[in-house]
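The values are calculated or read from the model by the stated rules, or taken from the named source; none is laboratory data. A quick note: this is a predicted structure, and the numbers were derived from the prediction, not measured. Using ideal geometry, Cβ is built from the backbone for each residue, glycine included, and neighbour counts are taken over all protein chains shown. Note: accessible area is taken over every heavy atom of the protein model, side chains too, but ligands, DNA and RNA are not part of it. Shrake-Rupley method; radii C 1.70, N 1.55, O 1.52, S 1.80 Å.
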Amino acid sequence: SQQGEEDPQALSIQEGENATMNCSYKTSINNLQWYRQNSGRGLVHLILIRSNEREKHSGRLRVTLDTSKKSSSLLITASRAADTASYFCATDEAGGDMRFGAGTRLTVKP
Amino acid sequence: DAGITQSPRYKITETGRQVTLMCHQTWSHSYMFWYRQDLGHGLRLIYYSAAADITDKGEVPDGYVVSRSKTENFPLTLESATRSQTSVYFCATGQGALGYTFGSGTRLTVV
């Protein structure tokens, strides 16, 4: 079964607002990653957070990880129309495989 | 050019036919993955490989076969295609610590 589950399934905001997406997972992980997918394209790696880290930043992205709650959040600050895409979390498990959630569809209105 | 390439980009095949999707990477990364993406299901792991000659099943391996005789190639074969295998297939590779790189995908239609 899929490991991660993103919430919400869809999110629509105005340009300039912040967007927060959440991910919950079920088993122990080595790390958790967030990916972005533009319509009809492959996935692009955004950020990786290790299981012993609690927060990580990359540009306008901020990721948090709470291993006690088995959850992570992705915050995109000062969103732009170009941020419109689907965002997926993926968990890198001890066995080496990588499992994805169903994704959050983000729409940023100009 | 360095990177990961999938071929073909589009494929239409008939039910019952065997079809092979190709994936090639130029980095010599250890891990390679095959996913299928369907509406409402996100990406589901079909098979993955930790190194040459080592492959493992993912969430939805039935009806698929993989091999990894060389580090750079990870072909996915549908032995007898069914309509339920109509999907977009993505290959990915990486070392884990830096995240993974995905190919552009193969859109497969089984008629």
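When Cβ neighbours within 10 Å are restricted to other protein chains, what is their mean count per residue of peptide B:30-42? Working shown, then result.
Working: counts 1, 4, 0, 3, 0, 5, 0, 6, 0, 1, 2, 4, 14.
Whole-number average of other-chain Cβ neighbours for B:30-42 is 3.
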Calc'd 3J(HN,Hα), region B:68-77, phi into Karplus 6.51 cos²θ - 1.76 cosθ + 1.60 (θ = phi - 60°), Hz, glycine/Pro = x, comes to 8, 6, 10, 4, 7, 10, 8, x, 10, 10
Go through region A:73-88 residue by residue and turn each phi into a ³J(HN,Hα) via Karplus (6.51, -1.76, 1.60, θ = phi - 60°); whole Hz please, and just put x for glycine and proline.
9, 10, 10, 10, 8, 6, 4, 10, 4, 5, 7, 4, 4, 9, 10, 10
Taking all protein chains in place and a 1.4 Å probe, what share, in percent, of the accessible surface of chain A do carbon and sulfur account for?
44
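Between B and A, buried accessible area summed over both sides at probe 1.4 Å, in Å² to the nearest 100?
Working: alone 6130 and 5860 Å², together 10380 Å².
So the buried area, both faces added, is about 1600 Å².
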Over region B:4-110: Rg over Rh, Cα atoms, Kirkwood Rh
0.94
So which cysteines of the protein assembly as shown have no other cysteine's Cβ under 4.7 Å from theirs?
none
Skipping prolines and chain starts, which residues have an amide H placed within reach, meaning under 5 Å, of the one on B:TYR31, given they are 5 or more residues away or on another chain?
B:GLY94
Starting from one equal scatterer on each C-alpha and no solvent at all, send me the Debye-based log10 I(q)/I(0) for the protein assembly as shown at q = 0.09, 0.12 Å⁻¹, two decimals.
-0.35, -0.63
Restrict the search to region B:48-79; then list the GluC sites (Glu not before Pro) that DSSP places in a loop and that have at most 10 other Cβ atoms within 10 Å of their Cβ.
none
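Could you report chain B's accessible area per residue, 1.4 Å probe, as an integer in Å²? Display every interim value, and only then the final one.
Details: 5310 Å² over 111 residues.
Here the residues of chain B average 48 Å² of exposed surface.
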Using amide H atoms built in the peptide plane, which far-off residues or other-chain residues are under 5 Å from B:GLY58 H to H?
B:TYR47, B:TYR48
Within 10 Å, at most 14 other Cβ atoms, and a DSSP state outside H, G, I, E, B define an exposed site. Report the longest part of chain B free of exposed trypsin sites (Lys or Arg not before Pro).
B:18-69
Please quote Rg/Rh for region A:5-109 to two decimal places, taking the Kirkwood radius as Rh and restricting both calculations to Cα atoms.
0.95
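Just list whichever of A:LYS26/B:LYS57; A:LYS26/B:LYS11; B:LYS11/B:LYS70 have alpha carbons separated by over 26 Å in the model shown. Let's see the in-between values first.
Details: A:LYS26/B:LYS57 19 Å; A:LYS26/B:LYS11 35 Å; B:LYS11/B:LYS70 24 Å.
Table pairs above 26 Å Cα-Cα are A:LYS26/B:LYS11.
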Most fluctuating residue given options B:GLY42, B:GLY16, B:GLY94, as computed from a GNM of chain B linking Cα atoms under 10 Å:
B:GLY42
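Just the accessible area per residue of chain A, please: how many Å² with a 1.4 Å probe?
Values: 5070 Å² over 110 residues.
The answer is 46 Å² per residue.
Do you know the relative contact order of region A:5-109, to the nearest whole percent, from alpha carbon pairs under 8 angstrom that are 6+ apart?
On the way: 259 pairs, mean separation 40.7, N = 105.
Relative contact order of region A:5-109: 39 percent.
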If amide H atoms are modeled at 1.01 Å from N in the peptide plane, then the residues at a separation of 5 or more from B:SER104, or on another chain, having amide H under 5 Å from its own are B:GLN6
